[in-house]
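These notes concern the structure reproduced below.
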Amino acid sequence: MSQQMAKFLKDYQAPDFNITHISLNFNLEAAATRVSARSRVLRSGEHGAPLVLDGDDLTLISVRLNGQPAEFSQAQGQLSIATALNEFELEIVTQLDPAANSSLEGLYMSDGAYCTQCEAEGFRRITYFLDRPDVLARYDVRIEADKQLFPFLLSNGNLMDTGDLAEGRHYACWQDPFPKPAYLFALVAGDFDLLEDEFVTRSQRPVKLQVFVDKGNLHKADHAMASLKKSMAWDESRFGLEYDLDIYMIVAVDFFNMGAMENKGLNIFNTKYVLADKMTATDEDYHGIESVVGHEYFHNWTGNRVTCRDWFQLSLKEGLTVFRDQEFSSDLGSRAVNRIHAIKVIKNQQFAEDSGPMAHPIRPESVIEMNNFYTVTVYNKGAEVIRMLHTLLGEAAFQAGMKCYFERHDGQAVTCDDFVQAMQDASGVDLSQFRLWYSQAGTPVVTVSDSFDATSGRYSLKITQQPSSSVNADAGQPLHIPFALELLDAQGRSLVNRVLDVKESQQSFEFEGLTQAPVPSLLQDFSAPVKLNYDFSIEQLVHLLRFASSEVARWEASVSLVSQAIWHNVAQLQRHGSMLLDPRVAEAFRGAILDADLDPALLAEILSLPSASALIEQAESVELDALALAREFVLDTLAVACEDELLARYREQASLDCAAARALKNACLGWLSRVSPVHEALVLSQFNTADNMTDALGALQAANGAELDCRDELMAAFEAKWHDTPLVMDKWFALQATQNVPEVIDRIKALTQHPGFSFSNPNRVRSLIGSFAAANTYQFHRMDAKGYEFITDCLVELNSLNPQVAARIITPLIQLGKFDSARQASMRACLQRLLALPDLSKDLFEKVSKALA
Ligand code: TRP
Ligand code: ZN
C-alpha cells in the first residue's frame, strides 16, 4: 500500500503541458467562494496525451475551452481534458468553503480574515491546475469582497486597480510580473492595523514596506518591520541581492500550520513570528522573529527567482535559505551562540529523525505526503550541507558560485545538482564526491583515535568513517567531510588550527615537531553533520572548556562533560545502585561560572544542561528510569556544588539590561531553584518585579521546573494577567504541559476545555499537546502508557481537523527504537489504533505505517 501511494524522484518527467498565464477572479463568501481561473495552456512537445489537472476537495462548477463547454473526466481528484489543440484558453469555475477549511491549506479563514497557504500542494484546493513547481505562470488576480468586513484585498505583485461595487462590495486587481509556481500564490482579505515604511535599494529604488496585524496590535509590529529592513540591507551587502518589486507585504495570522510563507511580495506569517513587545515577547521570541522575517525575505532569491524543479529538490531552497538566515543572525548577533543553537537542532532533533522510521536524505527519493518532508533533515541538515560547501570553498568562491547559480538559473525551476554544478564550475573545486551528501540518508559515524610518539615528536590521528546503517542507494560510499581540528598544548596555546579533507573510509594525519601530547578539539564548530566517536578523558574536556579558541568548542566540551557524567552514573546505578559525581566536573563548571572573560550569553548556553531527549539521542538504547535518576542526580549535585558562584553571577547580572545578561541570570535561577527552597524568594521577587517577558517567564520556568511551593500561585497570576493574549497563553500552556508530575495528563485534559484553547488553532495545539509529547519526556514515556494513549486520543481528533499538525505532533511516538520492549509495545498498540482509523490522512498514514514496518 505505501509503495503504491508513494511518488519517486526517479520517475520525474517534465510536464506534458505548460501554463504561461493565469487570470484568477475570487468572489469571496465564507461558505461559497467562487473562483474563476482562465489559463493559457500550451502543449509541450509532440504527443497526444490529455491535459490532466490536479484538484483537491473542490466543487466543480464549469469547464470551458476556448469559450466553449469542454468535455472532461474526473478521477482521484484529477480533472482530465482530452483535446487535439496545441494551444488554448481554459476557463474553470470552482466553488470553495473557506469557513469550513480547518486543514489551513488552500483558501481558509483565520480570525475572520481570508488567507491562503499553497505550499506544497495547496493551490489545487483553489482551482484545478498543473500544481507542480516546474510550471511557472504569470498571475493576474481580481478579488471581490464586502468592503466593510474586508477593507484590505491583497495578492502578489503590484496593485493595478481598485473600485467600489454594488451592495457594499469592492474589488482590487493585482498583477505579478514574475512568472511563478502555484505554491507561491497568495491572497489575503481582511481588516487589519497597518504599519508602513520604506526601503531604498542600493540602486536607489524605493520599496514600500507593509506589515498587517490584527486590530489593536500595531505597537507589536515594529520589530518585524525593523527586521525586514535589516534583512534587505544584509542581502545586498553580503550576497549582492536586491529586492525586485515596488512593494513588500507581510500579513500576520494566528491560524497557521508553520512559521511563515514566502509568497512572492506577500509573505504570510504566523503571528508568533511577527508580534512582539517587551512585556509579551521574550528575547528568544525577538530573535525568532528576526530570523524568520529574514528567512522569508531571503527566499525571494533562493526559492522564488530560482525555484525547485520538483518537491524532491526542496532542500535546494530550504537548506540554502536556512544557511542564509543563519548567516544573517550570525553577522548581526553572536556567531557562537547562533552556531550553538543550530548544532543543538541537528544533534537533538535531526539525528533522532535520522535514526527513526522517517530517515531520509536531504533530497528524499520517495514521498507519500509532501507536507511530511518539511523536516529538520531537509531544512537544517540541508543548511549544514551548504555550510560544508562554504567551508570547503571559502566565502569568495562560495559567492562566485552563488553568482553563477543566479546567472544560469534566474527564472527557472532547477535541481540540487544544478546548484552544486554552479558551485563547482565557479570555484574549480571537484564536488563529485561531495554530492553524496544529497543522496545518503542517516548520520555517518566518524571515529577518531590518536597517538603521540615522544621521541619523534609526532602526533598521529586516525580518522575512520562509517556511513549510517540505514539503507539507501549509496550506502557504504565514503563522504567528503571537512573535519576542523585544533590542537592545544598543555598551556592551552593553539598549535594547529585547520580543516582536514576527509574523503576515505580510513585516513591518517600526522603532525610533527610537538614536545608533548596535544589536546585535540575535533570536528570543531561541528564542521560536518556526523557523530563523533572519540574517547575524551575528563582532563581533556576540562582543558577544552578552558582553552579552546572556539567558543563553540568550549560549549561542546561542557556538554560532553555533563553527558559523560550522566551516562557514567546510569552505569553505576545499574551496577552498584549508587551514584557519584567526579569532583573535577563540578570544579570545571565553577571555573566557567567565575570566568569573567566568558561572554554571558555563552555561559548561559553552557549552563543550559542537556535535556532528557537530547541524552536519549546520544544512546543506542535507553533505560529511561535509570537515565532520569542519573540526570537529576548529576544536575542537582552540580547545582549544589556551584551554589555560591551561581548566586554571585545572578546578583551581578540582575542589574544589567541586555538579552545576554537576562539569559545568564535566568540560567542561574534555574540551577539555584534546584538547590534549595531558600532561593524561592529570588524567583518570587523576579516574577513580581519583572518589566519584561523574558524575566517573568524565566521565574515561572524556574518555579515550574523545580516544583516550588509558589508554582501554582504564580501560574494563576500569570493566567489572570494574560488570558486575553493568545501568544502569551501559549507559553503558559507549554509550562502546564511540561510539568513533571503524575497528574499532568489529567491537568492537560482539563485544559483542553480552557476558553483560550482550541484544537483548531495549531499554535494552541503545539503549546499544550505538542510540548507534552516533545518536551515532557518522563511523563510522555510513563510506564503505564497513559502518555502515549493521551497523545493518540489527540491525534484521532487532529487527524480529521488538521492532518499536517497531527503528523508533526506524532514525531516522539514513532521514534520508538531506543526504548525498552514494554514501552515499544505500548507505542505500537497506539500506532495500530491510528492505522485502523477509517479516515486516516495520508500525512499520518505515511508516518504510522513506516513506524510499524
Ligand atoms: N516555505 C516555508 C518556509 O520555509 C514553509 C511553509 C510555510 C510550509 N507554510 C507551509 C510548508 C505549509 C508546508 C506547508 O518558509
Ligand atoms: Zn523556507
- Task: Under 20 Å Cα to Cα from LYS850, which lysines show up? Leave out anything in the same chain fewer than 8 places away.
- Result: LYS7, LYS818, LYS842
- Just name one of SER841, GLN739, VAL805: the one whose Cα is farthest towards the positive end of the charge dipole of region 703-853 (beta-carbon charges, Lys/Arg +1, Asp/Glu -1). SER841
- Query: Quick one: which of 633-640, 40-47 comes out on top by average Cβ neighbours within 10 Å, and what's the full order, highest first?
  - Reply: 633-640, 40-47
- One finds the C-alpha centres of region 241-270 and region 398-424 to be spaced, in Å, by 24
- Quick one: what are the phi-derived ³J(HN,Hα) couplings along region 390-403, Karplus 6.51/-1.76/1.60 with θ = phi - 60°, whole Hz, x for glycine and proline? 4, 5, 6, 8, x, 4, 5, 5, 4, 5, 5, x, 4, 4
- Which whole-angstrom value gives the distance between the alpha carbon centres of region 132-164 and region 596-654? 52
- Task: Give the relative contact order (percent, whole number) for the chain; include only Cα pairs under 8 Å separated by 6+ residues.
- Result: 8
- Note on the structure: The local net charge around ALA189, scoring Lys/Arg +1 and Asp/Glu -1 for residues other than ALA189 whose Cβ lies under 13 Å from its Cβ, equals -2
- Shape of region 703-841 from its Cα gyration tensor (a ≥ b ≥ c, root eigenvalues): rounded if a/c is under 1.5, otherwise prolate when a/b > b/c, or oblate? oblate
- Task: Quickly work out the SER821-to-GLU236 label distance, labels modelled 7 Å from Cα along the C-beta direction, and quote it in nm with one decimal.
- Result: 6.6
- Could you size up the charge dipole of region 668-729 around its Cα centre, putting +1 on the beta carbon of Lys and Arg and -1 on that of Asp and Glu, and report it in debye to the nearest 20? 160
- Residues whose built amide H sits under 5 Å from the amide H of ALA484, excluding neighbours closer than 5 in sequence, are LEU500, LEU523, GLN524, SER527
- Item | Label-point separation in nm, SER611 to HIS723, each point 7 Å along Cα→Cβ | 3.0
- Please compute the net charge surrounding SER456, taking Lys and Arg as +1 and Asp and Glu as -1 over other residues with Cβ under 10 Å from its Cβ. -2
- Message: Taking θ = phi - 60°, what integer Hz values does the Karplus form 6.51 cos²θ - 1.76 cosθ + 1.60 yield along region 297-314, in sequence order, with x for Gly and Pro?
- Response: 5, 5, 4, 4, 9, 9, x, 9, 5, 10, 10, 8, 5, 8, 6, 5, 8, 3
- Charged-residue dipole, Cβ positions (Lys, Arg, Asp, Glu), region 698-815 about Cα centre, Debye nearest 20: 360
- If the cut-off is a Cα-Cα distance under 19 Å, which aspartates and glutamates reach LYS147, setting aside same-chain residues fewer than 8 apart in sequence? GLU29, ASP111, ASP161, ASP164, GLU167, ASP191, ASP193, ASP214
- Could you calculate the FRET efficiency of GLN204 with ALA100 from 1/(1 + (r/R0)^6), where r is the beta carbon distance between them and R0 is 60 Å, rounded to 0.05? 0.80
- Farthest toward the dipole's positive end in the chain, which of ASN497, VAL200, CYS642, given Cβ charges of +1 (Lys, Arg) and -1 (Asp, Glu) about the Cα centre? ASN497
- Message: Let me check I've understood the local charge: for VAL848, count other residues with C-beta under 14 angstrom from its C-beta, Lys and Arg +1, Asp and Glu -1. What total comes out?
- Response: +2
- Expressed in nm to one decimal, what extension gain is obtained for the pair MET160 and ARG833 from 0.36 nm per residue of sequence separation less their Cα-Cα distance? 237.0 nm
- Item | Separation in nanometres of the label points that stand 7 Å from Cα toward Cβ, at GLN491 and ARG546 | 1.4
- With θ set to phi - 60°, apply the Karplus curve 6.51 cos²θ - 1.76 cosθ + 1.60 along region 620-632 and write out the HN-Hα couplings as whole Hz, x wherever there is a Gly or Pro. 6, 9, 9, 9, 4, 5, 5, 4, 4, 4, 5, 5, 4
- Query: Put +1 on the Cβ of each Lys and Arg and -1 on the Cβ of each Asp and Glu in the chain; which of ALA628, PHE185, ALA145 then has its Cα farthest toward the positive end of the dipole?
  - Reply: ALA628
- Item | Mean Cβ neighbour count within 10 Å, used as a protection proxy, ranking 6-14, 680-688 highest first | 680-688, 6-14
- Item | Computed magnitude of the charge dipole of the chain (debye, nearest 20; Cβ of K, R +1, Cβ of D, E -1) | 880
- For region 682-708 and region 368-393, what is the separation of their C-alpha centers, rounded to whole Å? 37
- Message: What does the C-alpha gyration tensor say about the overall shape of region 288-418? Classify as rounded when a/c is under 1.5, otherwise prolate if a/b is larger than b/c, or oblate.
- Response: oblate
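The numbers here are math on the coordinates, done by the rules we state, and not lab data. Just so you know, these numbers come straight off a predicted model, no measurement behind them. So basically every Cβ, Gly included, is an ideal-geometry build from the backbone, and we count neighbours across all protein chains shown.
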